[in-house]
Amino acid sequence: MAETPPSPMKSSIAAALRETQSPSPPPVAPPAAASAAPAGSAPSSAPPPSDIVTIKLDGRDVQAKKGANLLEVCLSNGVDVSYFCYHPGLSSPAVCRQCLVEVVGQPKLVPACFTPIADKMEVNTATPRVLGIRRQMLEFTLVNHPVDCPICDKAGECTLQKQYQDWDHVGSRSSIPKVHKPKMQDLGPHIVLDAERCILCTRCIRVCDEVAGEKQLTMAWRGDREQLTVAPGHQLDNPYSLNTVDVCPVGALTSKDFRFTMRAWELFSTSSVCPGCATGCNVEVHHAQGEIWRLVPRENLQVNKYWMCDEGRFTYKNVRHKRLTSARIGGGRGQPAQITSIDKAVAFAAERLDRLASGGGTIGLVFSAQTTNEALFALSQVAQKLSTRGATIRTYVTGTAARPERADKILRSADTNPNAAGAKLFAGTGAGDASALLSDLKAGKLKGLWMAGGDLPLTEQALFDAAPLVDGLELFICQAVHDSPLLRRAQVQLPAAAWAEVDGSFTNNKNLVQRLRKAVTPQGDARSHLELIGQIAKKANLAQSEKWQVSARQAFLQMVASVSSSLPAGADPAQSVAAGFASADWGREYLPVQLRFANSRG
Amino acid sequence: MSTTTQSKTGSKKLALGMPTPEEITAGGIPGISARPKLPPDLMAKLNNEELEEVEDIELPTEPMTINMGPSHPATHGTVRIILTIDGETVRDSDVQVGYLHRCFEKEAEAATYTQVFPYTDRLNYVSPLLNNVGFALAVEKLLGIVDRLPERASYIRVIVGEISRITDHLTCLGASAMEVGGFTPFLWMIKVREWLWELLEELTGARLTHSYVRIGGVAQDLPEHFIEKLRAVLEKSVEVLGECESLLVKNRIFRDRMDGVGTISAEDAIAWGWTGPCLRSTGVPYDVRKDHPYLVYDRFEFDVPVGSVGDNYDRVAVRLEEIRQSMRILDQACKQIPAGPVLLDEPRICMPPKNAVYNTIESMIGHFKLIVDGIKVPPGEVYSYTEGGNGELGFYIVSDGSGRPYRCHVRAPSFIHTQALSKLILGAGIADIIPTFGLINMIGGECDR
C-alpha cells in the first residue's frame, strides 16, 4: 500500500472531543500559549490583514499569521507531520528532528516546529526526501528502544508507536546490541523513570522549567548514553510533576499511582472538572469497570491550558473511599441510627420537615461549596417554599477549609472548594459561614438543620468536638458523600453521589460555569444531592413537578434562565457570578469515549 | 483428482446417467445439464400410471392456521412458517426469519477488520472458509492489494474454498435425503464431510470455525503432505458420492418427493434475486467464479451445471454435479499450486512474524498497532462478491479510514432465497415444505446474520 492517508477518524474524534469537552466558549484573547492557537482559526481575533501571509503548503495556498510556527500551520491545515518534542503549551527546542520538512530554496531540511513562516514560503511535507528522512529519524529513535510494549503503561496511547506505524513501518537495519540504561529509577514521590524508553525529547524538562517553574530535571551524558536525570540529592518533586507523565510521548515517565493498574485502551474517558479547588481545571476522567483509574488534564486555554496539579489528580480517590452508601434514620442524641431505604429516609425527613416548617420553626439550610450549581439552585428553591409555608430560613455556606499555603500563581488556589462562587450566589446575600452556623447552633437559634453536603471547614478533632452541638436540634437532615462524626448524629443520613457520579456544573473562581459529566455510577444507594433535595421537596409537598426535579439538565436550564434573566446573553463572566451563568452551556450529551480509539496521548 | 481417480470413476460409472468429468470436458458445453437422463425402461417405470396415486377422496375442510417452527424437528434451520392449510394443501404461508440474528453487521463496526473473520465463520457455518475468503477479498479490494496477493495464498484460498463448497453441498444433500426418509445417504455424506473437515482441522486448527483467512493471505501454509492427503480423501469421497447418488437418483420415493416440487421459473428466480445452485437449477448458468473470476479461478477448467425445470430435484442434481466440478478444480489446483509466501509482505496490513515481534521493537509496535488499532483501510466503499456455498456472497464495506469498518453489509444468498420460499410452497403439501426448504439450503447464520 502507498502512504496511508491521514486518518479522518482520528481527527474527527479529536474534533468531537474538543467540541464536547469545552463547555466554556473559546478564549476571547489568546492566552500565554498563544502560539498554540491555530493561526487564522479565530477570525474575530485575527490580526490586521497586513500580518497575514500566504505560503504554499504541499502545493496548496495557505494563509496564516506572519511568523507563525510552521508546524502549527501544517497541523491546523490538516497536513500531518510527525513530531515528538514539540508541545503546544511549551517552547520548541527542535531536538527530536522528527518534524523536518522541505522549504524550497533552503539546502537542508528544516524543523517545522522551529521555523516561523514568511510570505511566499514554499513548504513540502511529503516529498520522498522528507518521508525518507522521517523514516530514518524514527529508525534512529528506535535503535535503542526496548521491546517493552507488552509491559509498558503507555502502550496503546504511545506517540512513538503511532508515529512508527504512520510513517516508518519497516524493520531496523541495525544489528548492534541495544544500549541499556536504568529500568526503574525513582525520580520523586510520584514518578518512576525508565531511562531505556526515553527518546530524549526534553518535554518533561520544559514542563518543569516553564510550567512548574522548578528546574529539577536535566539531561546528562551524551550520544546514545544520554539520559534524563535529577541532580544528585534532588527529586522531581513539585506540585505539577505528573504533567511530565502526560507529555511524555513514550512510557519513560510513569505515574506510581497509575502504573500497572490498567491498560490504556481499556479505559473510557469522560470529560469533567477537577473538584480539588476553585480553579476548576478541566479533566478527563479515565474509568473502566465502574471505577476511576486516573484523572488527566483536558485542554482549556481559559482555565488550565494543558495542565493540572498533582493533588487534583488524586481527588478521584475520594470517590472510592470512606463512602456513605446507605440511608440511615433515627440517629442523634446518643442513639444509633438504623439503616433503611432511601425512600423511607426521604419520607421520614419530609414528614418532619413539613411539621417543623408549618410550626414556624427556624430552619438552617447549608449550601455546600462542594456540590453542583443545580443542587444549590434546587435548595434555594426549597428555601423559598419553606419560608412561604411559615418557616424562618437561615442560610449558610460551608465547604472544606481554605489552605492558603497551597495557593500559587499557576493553577492552585487557596479555596479548596470547587463551587464556592455558586454556593454564595444561591445561598443569598444574608448567608452565614460555617462559624456563623456553629455559633447559631450554640445559641440554640435553630430548630432544624438541613445540610446538602456534609463538609465543614474544621479539622477532624474540631468536627468531633463540635458534633454534639447538633443534638439540640429537633430535626437534622444530612446529605453527605462521606461518613463523618457530624453525619452520625443526624436523624436522617442520606448518601449523596460524589462529583464524578453526577451530571451538573461548578462555577470556578473566574465565574466560569463548567460542566461535570457522570463518569461512574454512584456507589451503593447514593443519589445526587439534586435528586435527594427534589425527592424530599416532593414528599413534603413543597414542589411537585418543577423543572429542576426532572433532571440535572432541566435544573440547569431553569437555573440559567432564572439567574441570568436580567443579564444580556454572553455577558462577560469577569463581571459577576451571575454573568458567568449567562454564557453557560450544558453542551452535547455523548457516551464516554473509548481510549482505544484515541490513538495516542502525550 | 489424479488420473487414477478419473479412471476409477470413469470405469465404475456409479452415477447413472450422470456425466463424468471426462464427458463434460469432452462435450465442452459451458452450461451442461445436470439433470440425468434415466434409462428408458426406468423412466417408463417412473411414469407408470398404475403407480400414480389414487385420487384423494375429498373431505370437506376449512382453512386452518398452524405454526411450523421456529423449532421444528424436520427443518434444518431456525425459521418460523405460519401456514394456512386446507387439509394437507398449503394455501398461504408467512415465512419469518431472524431467529439466529446476531448483529453481525453491527458487531463488525466495533471490531477491527481482522476481528471480523470469526464473525464471518458464523455466517454460512457449513462453508465458513468461503465467507472468510469473501470478506478478505472485499477488504483487499478496498485496500487495493487484490493484484498483489501471493499466488500460493490465492491457490490455498481456492483449495479451502472448494473443500468448503463440497462440505456445504454434502450437508445440504445429506440432510435433504434424510428429511424425506433416506437416512443412509445422510450418514455416508456426513462421513465424507467429516474426512474433509479433518483435513481442514489439520490445516486451520478447527473443524468449523476456522478463521483461517487473513487480509493479505492466509494464516499459515499448508501442513506437510496436505496435497497428498487431499487427493486420497477426494479419491475415497468420489466413490462414496457415487454410492449416494445411486441411492437417490433411481430411488422412486426420493424422485416422487423431489420431482416437480418447489418449481420456479428462471425469470422468477432472477426476479427474486436468486443466485448459486438454486438459480442454476432453473437453467441460468450464472456462476461468479465463471462470469467474474476472482483469485485464480480463471486458470481452472470447470463447468457450470444447470438444471432445466427448477424443481427440487434439479437443485439436488446441480449440487451433486457441483461437487464433482469442485473436485475437478481441486485436482487442478493441487497440480498448479506454486511454492512461496502465503501472506503479503506489507507491515501495515499483515502481522509481522512472531520471532520478529518478540525480538525487535519495530515488529513489536507493528504487531501492537495492528491488534489494537487494526488495519487502516483508506476511506471509501466497496462491494465485492464471490461464489459462496449458496450463491453470490457479497460484502459491502464502507471505510472511514480507521481500523474498523464504518459499515459492513452482507449480501447473504440464504436471505434472498428464503424470500421466495412462500411462493415455492404455495399449493404444495405440508410434507413438501420440508424438502423444498431444505434444498433452498437456508442457513440461519447467514440468512439472519
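No value in this document is a laboratory result; all are computed from the given coordinates. It should be emphasised that the depicted structure is a prediction, and the values quoted were computed from it without experimental measurement. Cβ: placed from backbone, ideal geometry, glycine included. Neighbour counts: every protein chain shown.
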For peptide B:338-347, what's the mean number of Cβ atoms from other chains within 10 Å of each residue's Cβ?
1
Given a 10 angstrom Cα cut-off, can you work out which residue in B:F117, B:F104, B:F135 is the most mobile in a GNM of chain B?
B:F104
From other protein chains only, count the Cβ atoms within 10 Å of every residue's Cβ in A:143-154, then give the mean.
3
Under DSSP loop assignment and at most 12 Cβ neighbours within 10 Å, longest chymotrypsin sites (Phe, Trp or Tyr not before Pro)-free interval of chain A:
A:261-602
Under the definition of Cα pairs under 8 Å and six or more residues apart, what whole-number percent is the relative contact order of chain A?
13
Working from the pairwise distances between different alpha carbons, so that the mean of 1/r is found and then inverted, what is the protein assembly as shown's Kirkwood radius in Å?
34.4
Radius of gyration and Dmax over the Cα atoms of region B:60-218, both given in Å
19.8, 69
Helix by helix through chain B, keep the DSSP H runs that span 24 Å or more along the axis on Cα and average at least -0.5 on Kyte-Doolittle, and give those back in order.
B:151-179, B:183-204, B:226-248
How large is Rg over Rh for region A:329-384, taking Rg from the Cα atoms and Rh as the Kirkwood inverse mean of 1/r across Cα pairs?
1.01
A:R294's amide H: which non-local residues (gap 5+, or another chain) put their own amide H closer than 5 Å, with H modeled 1.01 Å from N in plane and none for Pro or chain starts?
A:H286
For B:367-374, mean number of other protein chain Cβ atoms within 10 Å:
6
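Summing +1 for each Lys or Arg and -1 for each Asp or Glu, what net charge is found among the other residues whose Cβ lies under 14 Å from the Cβ of A:I205?
So the surrounding residues net to -1.
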Charge dipole (chain A, unit charges on Cβ, about Cα centre) - positive-most of A:Q185, A:A519, A:G213
A:A519
What angle do you read, to the nearest 10 degrees and between 0 and 90, between the alpha-carbon axis of helix A:373-388 and the longest principal axis of chain A?
20
Along the principal axes of its C-alpha atoms, what lengths does region A:59-107 span, in descending order and rounded to whole Å?
27, 26, 20
Taking θ as phi - 60°, what are the ³J(HN,Hα) couplings along region A:197-213 by the Karplus curve (6.51, -1.76, 1.60), each to the nearest whole Hz, with x for Gly and Pro?
6, 4, 9, 6, 7, 6, 4, 5, 5, 6, 4, 5, 5, 9, 9, 7, x
Could you tally the net charge around A:A375, taking each other residue with its Cβ under 13 Å from the Cβ of A:A375, Lys/Arg +1 and Asp/Glu -1?
-3
Report the local net charge at A:V273: Lys and Arg +1, Asp and Glu -1, summed over other residues whose C-beta lies under 10 Å from its C-beta.
+3
proj_area_mean for chain B (convex hull on C-alpha atoms), units nm², value 22.0
For the pairs A:K256/A:K305; A:K181/A:K256; B:K141/B:K229; A:K317/A:K518, note any where the Cα-Cα span goes beyond 27 Å.
B:K141/B:K229
Choice from B:S363, B:S93, B:S399 with maximal GNM fluctuation in chain B (Cα, 10 Å cutoff):
B:S363
Using only the alpha-carbon atoms, how far is helix A:8-21 inclined from the longest principal axis of chain A? Give it as 0 to 90 degrees, nearest 10.
30
Rounded to the nearest 10, the angle in degrees between the Cα long axis of helix A:342-358 and the longest principal axis of the Cα atoms of chain A comes to 50
Within the set B:I337, B:I159, B:I215, GNM on chain B using Cα springs under 10 Å gives the largest fluctuation to B:I337
Amide H proximity to A:F476 below 5 Å, modelled H, separation 5+ or other chain, gives A:L449, A:Q491, A:V492
Provide the FRET efficiency to the nearest 0.05 for the A:V170-B:Y99 pair, computing r from the beta carbons and using R0 = 41 Å.
0.25
Suppose the chain between A:S50 and A:R488 were pulled fully straight at 0.36 nm per residue; how much longer would it get relative to their current alpha carbon spacing?
150.8 nm
List the lysines whose Cα lies under 18 Å from the Cα of A:K385, skipping any in the same chain that are fewer than 8 positions away.
A:K447, A:K538, A:K539, A:K547
What lysines does A:K56 reach when the alpha-carbon gap must be under 30 Å and sequence neighbours fewer than 8 apart in one chain are set aside?
A:K10, A:K65, A:K66, A:K108, A:K120, A:K162, B:K376
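Given the Cα-Cα distance of A:R320 and A:K409 and 0.36 nm per residue of separation, how much length would full extension add, in nm?
Roughly 29.0 nm would be gained on extension.
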